[in-house]
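All remarks here apply to the structure that follows.
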Amino acid sequence: MGYLLSTENFVKIGEFIYRKSGIHLEEDKHYEKLAKYVEQRSSKLEFDTFRKYFFKLRFDDKSGLEFQELMNAVTVNETYFFREKDQFEVLANNILAELHASIKSDRPIRILSAPCSTGEEPYSIVLHILEERNIVQKRDIEVVGIDIDSTVIKKAKDAKYSERAIHAIPKNILGKWFVKKGLDYSLRDDLLDSVDFQVANVFDKVQMRKLGKFDVIFSRNMLIYFDDASRKEVAMTFYDMLNPDGYVLLGHAEYMSRIVSVFNAKKIENTLIYQK
Ligand SMILES: C[S@@+](CC[C@H](N)C(=O)[O-])C[C@H]1O[C@@H](n2cnc3c(N)ncnc32)[C@H](O)[C@@H]1O
C-alpha cells in the first residue's frame, strides 16, 4: 500500500510539471491520474514517501529518465490522420508552391510538426505532399516530428495504426500508402524514413535550436494545454525557428492573435495561417 498524494504535494508536482513542460494540471480534472502515477512509480522505485520521489525527480535524475516517465504519463496524445485536413490541402496546394518559388532550389523546404504525437500529423503532411506530386519531384522537402512523450515517438517510428487512426483517410489514398496487417494498417516500408522523429520539449531552448530553421511549423492542439504565459513563450520560440516569410499553422481552436502580435494572419480558402 502506498501513500495518498496530498493536495499540497499535488500543487508542488503540478508546478514542477508546468515549469518544465508548460502543461497545466488542474486538481479537479487531473488529481486522480497523477496520484495513481506517483504512487505506482514510487512503489517501483521502493520509495515510501512523496518527498523521496520528488527529490529524485528534481535532483537525482541526470539521465532524465524520471522526468521522461512523468511526461509520458501526463500528456494527452489524441490525434488521427487527416485531422483538420483543409490545412494539409492548403500546405500542398498553396504554401508549397509559394515556398518553392521563393526559396533557392539548392536547399530543402523544411516542415516541423510540433507536437506530432504518434505520427499521424507529419505522415498526413507527407501523404499530401506525395499526392500533390508536382513540387516533390522538383526539390527536397524535409519533415520533422517532435513530441515530449517518448512512447508516442516510438509508436510514430513503428507507423502501425488502428482503424480509428486512419478513419478519415480516403480509401484510394489508404490503399496506396498502407498495408493491412490483421486489424492494423502499417504505413508502407518506403515511407518509414519520410519523417525525422525526435523526442523534444518545445520549452527546451537548446533542443529547439538544434532542430534548425523551418519554413512551415504545424503546432496543433498543444497550446490548448498551456496557459497564456507558456503560449507566448512557445509562439516566440516558433517565430525564432522560422525562416523569413515562414508560416505557422495552429489547431482550429487556437488563435495566434490572442497570443502574440508578431505574425501576419492570412486566410487561404477558409484556413488561417500565420506568416513571419
Ligand atoms: C493532442 S496531441 C496533438 C497531436 C497533433 N498535433 C494533432 O493535432 O493531432 C498533443 C501532444 O502535445 C505533446 N506535448 C505536450 N507538451 C509538450 C511540450 N512541452 N513539448 C512537446 N510536445 C508536447 C503531448 O505529448 C501530445 O502528444
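Each value in this text was obtained by applying a stated rule to the coordinates, not by laboratory testing. Predicted model only: the values in this text are computed from it and were never measured. Positions of Cβ are backbone-derived with ideal geometry, glycine not excepted, and every protein chain shown enters the neighbour counts.
Some observations on this one:
- Each DSSP beta bridge with both residues in the range 86-275 is either parallel or antiparallel, and the antiparallel ones are about 40%.
- Of the GluC sites (Glu not before Pro) in the range 171-276, those whose Cβ has at most 12 other Cβ within 10 Å and which sit in DSSP loop: E269
- Under the Karplus curve 6.51 cos²θ - 1.76 cosθ + 1.60, θ = phi - 60°, whole-Hz ³J(HN,Hα) for the range 27-40, x wherever Gly or Pro sits: 4, 5, 9, 10, 4, 4, 4, 5, 4, 5, 4, 4, 5, 5
- Relative frequency of Cα-Cα separations exceeding 24 Å in the range 168-276, percent: 40 percent
- As a ratio to 2.2 N^0.38 Å, the alpha-carbon radius of gyration computed for the chain takes the value 1.08.
- Value at 222 nm in deg cm²/dmol, rounded to 500, when DSSP H runs of n ≥ 4 in the chain each add -39,500 (n - 2.57): -12500 deg cm²/dmol
- Between K232 and K36, the FRET efficiency from the beta-carbon distance, with R0 = 25 Å, is close to 0.20.
- Highest mobility in the GNM of the chain, judged by mean-square fluctuation with C-alpha springs under 10 Å and restricted to F59, F238, F82, is found for F59.
- Based on C-alpha pairs under 8 angstrom that are at least 6 apart in sequence, the chain has a relative contact order of 17 percent.
- Springs join every pair of Cα atoms under 10 Å in this Gaussian network model of the chain, and among I146, I259, I217 the largest mean-square fluctuation is at I259.
- GNM flexibility winner over the chain from L57, L25, L183 (Cα, springs under 10 Å): L183
- Remark: for residue pairs K20/K232; K160/K180; K20/K155, the C-alpha separation exceeds 19 Å in K20/K155.
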